[in-house]
Amino acid sequence: MTLALYVPRASPVHRAPAGAKLLALTGLGVLVFAVPTLTVAGGALAGVVLVGLLVARLPAGLLARQARAVAVWVVAIIAVHALVTDVLTGLEAALRLLALVLAAAVVTATTRVTAMVAVVERVCAPLRFVGVRPARIGLVLAMALRFIPLVAERADRIREAQAARGGAVRGLRGVTTTVVPLLVQVLQLAHTVSEALDARGADDVPLRRGGPRAA
Amino acid sequence: MRRRPGRGAPATADPSRGIELVGVHHSFGERTVLDGLDLRLSEHRVGVVGANGSGKSTFARLLNGLVVPITGSVLVDGLDTRTAVRQVRRRVGFVFQDPDAQIVHPTVAEDAAYGLENQGVPAAERAERVAEVLERYGLAGHADHPAHLLSGGQKQLLAIAGVLVMRPARIVFDEPTTLLDLVNARRVARVIDELPQSAVVVTHDLDLLDGFDRVLVMDAGRVVEDGPAEQSVRAYRKLMADR
């Protein structure tokens with residue numbers, strides 16, 4: 001999960017503007033698909049790993065965790081290509097996937113959420129003309145990153161509570177008995193969060209927010 | 001259901017008036033939760049106790065306009081929560097029982113800065129005030145950490161920091177120690193005790209009320225006892241024992 005992965009460091013990658021990093025990520029995506037060769041995919045992966053470890057000085061474990069998260073897909077892609085086309089094409093596709101996942105992890109780990117949100121708000125700025133408030137879109141993004149781990153934690157608690165009482169925690173029955181209480185909890189949480197947003201002045205949001213947090 | 005209050009033209013605050021509830025009545029559907037409250041709260045520390053369902057949380061929500069009474073009015077420093085809700089919310093901070101519901105940004109410093117962003121405080125001043133408040137509550141070392149990885153006590157301190165950084169004149173706490181262990185509950189109690197702002201604290205934790213200037217006991221939407229902490233706590237214990 002590339003959620004709330006920010007790793008504070010004083011590196012040039014951390015200092016680079018969030019918009020530039022997102023553009024570079026987009027550019028890398030275009031490159032590896034526009035020039036579909038093993039060399040480009042392998043070079044992109046090597047470049048991303050070097051930038052992540054040596055320039056951004058991120059822990060190797062962080063990149064390894066991200067790679068492990070897609071390991072099944074990497075193996076599946078190579079296996080399918082081995083059957084349908086050839087192993088080298090599969091390897092190229094797998095390297096491409098790994099390069100993009102790790103590049104996304106490097107961007108996430110070196111960019112504060114507020115900086116990312118500020119970019120989203122800038123990109124969405126034209127929507128102001130049709131009545132959309134870009135600051136609200138940014139807030140939704142930040143809240144999604146904040147609440148996904150919280151909802152996952154609550155789902156775990158429900159599963160534990162059911163397991164403690166001998167209930168099913170696996171299979172379709174486990175899913176259905178988790179979803180309903182989770183939904184109830186999430187709705188209650190949403191109600192309180194909406195109150196907290198009001199209490200913390202969400203309605204006071206100026207039309208144009210300031211840039212990313214200084215320091 | 002919660003009613004969203006309207007917004008009115010800027011009014012002038014008069015801190016000497018404190019918080020006034022005039023003929024307040026509120027209900028959710030058929031169920032009356034507050035029944036004819038007439039109060040003036042001007043003390044530095046006011047506590048509110050009562051059984052579950054006695055109307056305490058609704059009472060707390062009245063004080064910064066999260067709930068607007070069906071009849072009657074609530075005035076904070078002379079500002080009506082019905083017509084001047086933005087000004088009221090800038091003056092009255094609100095700390096919720098569950099900090100997980102109050103923390104809306106993924107990392108500690110970003111969440112502490114949220115209220116200031118809403119107020120349009122410039123980035124440099126925002127960073128300075130956030131750094132100061134996180135330092136004060138021992139969260140400076142966690143500034144860039146994901147909020148969901150904090151302990152329960154740290155989350156409650158972050159929730160308080162996120163309110164204090166906005167420098168409200170008054171703070172309402174809705175059961176701030178209910179989800180905390182003894183050590184963290186005492187820590188939050190110390191934080192509340194040291195606040196220069198006046199505070200209204202809704203709680204089940206009777207120890208928290210030690211030294212409070214005034215404590216209200218609520219039952220079935222009414223204030224059934226109103227006096228110094230010791231007297232009200234005694235009356236509350238008797239009320240509960242008689243059930």
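The values are calculated or read from the model by the stated rules, or taken from the named source; none is laboratory data. Predicted model only: the values in this text are computed from it and were never measured. Because the Cβ atoms are built from the backbone with ideal geometry, glycine has one as well, and the counts that use them run over all protein chains shown.
A few points about this structure:
- Taken over the range A:133-174, residues that are exposed (fewer than 14 other Cβ atoms within 10 Å of the Cβ) and more than 14 Å from chain B (Cβ to nearest Cβ) amount to 10.
- Within the set B:A101, B:A124, B:A84, B:A51, the sole residue that is out of contact with any helix residue (DSSP H, G or I) (no Cβ under 9 Å at 6 or more places or on another chain), of a type outside the set (S, T, N, Q) and surrounded by fewer than 24 Cβ atoms within 10 Å (Cβ to Cβ) turns out to be B:A124.
- Here B:R86 clears all of (1) at pLDDT 90 or above; (2) under 30 Å from A:L139 (Cα atoms) except the condition numbered (1).
- If you go through the range B:80-90 and keep only what is assigned to a strand (DSSP E or B) and farther than 22 Å from B:G36 by Cβ, you end up with just B:A84.
- With respect to the conditions (1) surrounded by 21 or more Cβ atoms within 10 Å (Cβ to Cβ); (2) within 18 Å of B:I19 (Cβ to Cβ), B:D226 falls short on a single one, namely (1).
- Per-region count, the range B:91-128, residues more than 7 Å from chain A (Cβ to nearest Cβ), assigned to a loop (DSSP other than H, G, I, E, B) and more than 22 Å from A:A190 (Cα to Cα): 1
- Any hit, the range A:122-132, residues being modelled with pLDDT under 95 and within 14 Å of another protein chain (Cβ to nearest Cβ): no
- Residues (outside any helix (DSSP H, G or I) and touching a residue at least 12 places away in the same chain (Cβ under 8 Å)) located in the range A:74-131: A:T111, A:R112, A:C124
- In the range B:64-78, the count of residues that are at pLDDT 90 or above, buried (at least 23 other Cβ atoms within 10 Å of the Cβ) and assigned to a strand (DSSP E or B) is one or more.
One line per residue, one yes/no per condition, for (1) outside the structural domain of A:V106 (by TED's automatic domain parsing); (2) over 27 Å from B:A147 (Cα atoms):
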| residue | (1), (2) |
| --- | --- |
| A:L5 | yes, no |
| A:A18 | no, no |
| A:A24 | no, yes |
| A:T39 | no, yes |
| A:A60 | no, no |
| A:A64 | no, no |
